[in-house]
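Here is the structure we will look at.
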Amino acid sequence: MKTRILFVLIIAMLYSSVGAQELPEGQLTIRPMLQKLGEKLLNGKTGSIVAINPANGEILCLATNTPHGSDVRQAIAKPMAPGSTFKTAQALTLLSEGIITPETTVECADGITDGNIKVGCHKHKTPLALKEALALSCNTWFLMTFASMINDDFMYESKEEAVTTWRSYMQSMGLGGPMHIDIKGEQGGLLAGVDYLNRRYKDGWDGKTIWWAGMGQGDVTCTPLQLCNLAATIANRGWYFVPHIHKDTKNKRYLTKRQTKVKKEAYAPVIDGMHLAVEKGTATSVKASYPICGKTGTVENTGKDHSVFIAFAPKDEPKIAVSVYVEHGGFGADLAAPMAGLIIEEYLKGELSTTSEAKAKRISRITIP
């Protein structure tokens, strides 16, 4: 009875916040207990937790919270900088275009300096190849390799062609514009294109002007829903279904498999890097008995940083993809990663362990003004 009541409340929340389209037979793809856990974890915080079944695009969890209560627009209509979670999409693009190989190394001395610009990076061993750069989230590695793509006048006739090529890969992964999910009010995000860059940088631009996008800052924004779908495309090694919340839909839009532009062989090293992030890198807080692949993100902004995390599990037989975005939550490993770990555990195991229940309780008590 309690589960049924919760399910009805979820439906009411979705309708009141965005006006969902007509619901066939009154059924949603949302898993009530997963939704309940997500809302519990977000208590006292502003943010969202999105979970998708990679196999069919069904939205399993769409938990949100704001100072005014739940609002699904927090997940589907509030584009924000993705931070280092975006490095996964960058790596896939750079590998596909042949700008890098999995063995490409970059030196990092606590960051990179170019003229008056200093971009910091936390301490780690150097140089790093791709897998370690993802696992340890090296800013220098992704800034320099992204800039090298935009400035490559051998592969591309101009920087405009390079940016357009980069953007086409990102769009194929469901980033940029709306994906046209079956909930009203969805918005897209920002992927810097030639026209945008020419308007913003009237004195000219090149790879270093926009290199912040290489680490998910600057001229790029995504919704939490898009980040979850990005994790699903990686879990599936190059395809996805448009996320949807209506169960047993007959709409072909949600039953058509979408292929990314990324080369199939690019996925293995990126997935290995995401797995290493959980095993020995920035996301060890979600390490479990089953293999999880994840990527932390720490989004710089005015005030305390935003905490972001994307993941999928299990590694080779993915059943769930997750994104967590907590505004002013600190490092990606501080809040977003452990919250995602709990969502994954609840879904794969059917319940939380005693230790995880205690962790969920502690997180639910954290309040972020």
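The values are calculated or read from the model by the stated rules, or taken from the named source; none is laboratory data. Please read these numbers as outputs of a predicted model, since none were measured by experiment. Cβ placement follows ideal geometry from the backbone for every residue including glycine, while neighbour counts extend to all protein chains displayed. With ligands, DNA and RNA removed, areas are computed over all heavy atoms of the protein, side chains included. Shrake-Rupley method; radii C 1.70, N 1.55, O 1.52, S 1.80 Å.
Scan the range 114-136 for residues that are of a type in the set (S, T, N, Q) and either at pLDDT below 90 or within 20 Å of G207 (Cα to Cα) (or both) and the total you get is 1. Regarding G207, is this residue at pLDDT below 95, more than 23 Å from M274 (Cα to Cα) and open to solvent by less than 10 Å² (accessible area, probe 1.4 Å)? Considered against the rule, which asks whether it is at pLDDT below 95, more than 23 Å from M274 (Cα to Cα) and open to solvent by less than 10 Å² (accessible area, probe 1.4 Å), G207 comes out as yes. Within the range 244-268, being open to solvent by less than 10 Å² (accessible area, probe 1.4 Å) and under 17 Å from L130 (Cα atoms) holds for A266, Y267. Across the range 284-298, the number of residues qualifying as within 23 Å of D219 (Cβ to Cβ) and over 12 Å from the mean Cα position of the chain (by Cα) comes to 0.
Residue count for the range 26-45 satisfying the condition of being of a type outside the set (K, R) and free of Cβ contacts under 8 Å to residues at least 40 places away in the same chain: 4. Just to be sure before I move on: is T355 of a type outside the set (K, R), more than 14 Å from L41 (Cβ to Cβ), at pLDDT below 95 and not in a strand (DSSP E or B) in the structure I sent? The answer is no for T355. Scanning the range 218-246 for residues that are at positive phi and touching a strand residue (DSSP E or B) at 6+ places or on another chain (Cβ under 9 Å) returns a single hit, G238. Of all positions in the range 348-355, none carries a residue that is in contact (Cβ under 8 Å) with a residue 60 or more places away in the chain and farther than 17 Å from K36 by Cα. Put simply, of K315, K319 the only residue that is touching a residue at least 60 places away in the same chain (Cβ under 8 Å) and open to solvent by 20 Å² or more (accessible area, probe 1.4 Å) is K319.
For the range 314-328, the set of residues classified as within 17 Å of L37 (Cβ to Cβ) and over 14 Å from the mean Cα position of the chain (by Cα) consists of K319 only. For I271, the requirement of being buried (at least 19 other Cβ atoms within 10 Å of the Cβ), touching a Cys at 6+ places or on another chain (Cβ under 8 Å), without any contact (Cβ under 8 Å) to a residue 60 or more places away in the chain and in a helix (DSSP H, G or I) is met. Looking only at the range 147-165, decide whether some residue is surrounded by 22 or more Cβ atoms within 10 Å (Cβ to Cβ) and closer than 26 Å to C293 by Cα. Scanning the range 147-165 turns up no residue that is surrounded by 22 or more Cβ atoms within 10 Å (Cβ to Cβ) and closer than 26 Å to C293 by Cα.
Is there any pair with a first residue in the range 110-136 that is under 16 Å from F331 (Cα atoms) and β-branched (V, I, T) and a second that is open to solvent by 60 Å² or more (accessible area, probe 1.4 Å) and modelled with pLDDT under 85 whose Cβ atoms are under 7 Å apart and which are 6 or more apart or on different chains, and what are they? Filtered contacts from the range 110-136: no entries.
Annotation note: of F309, F241, the sole residue that is in contact (Cβ under 8 Å) with a residue 60 or more places away in the chain, in contact with a Gly (Cβ under 6 Å, 6 or more places away or on another chain), open to solvent by 30 Å² or more (accessible area, probe 1.4 Å) and of a type outside the set (V, I, T) is F241. Filtered by the rule that a residue be open to solvent by 20 Å² or more (accessible area, probe 1.4 Å), more than 26 Å from A321 (Cα to Cα) and in contact with a strand residue (DSSP E or B) (Cβ under 9 Å, 6 or more places away or on another chain), the range 62-120 gives T105, E107, D110, I112, T113, K118, G120.
Inside the range 184-204, residues that are open to solvent by 60 Å² or more (accessible area, probe 1.4 Å) and out of contact with any Asp or Glu (no Cβ under 8 Å at 6 or more places or on another chain) make up a count of 7.
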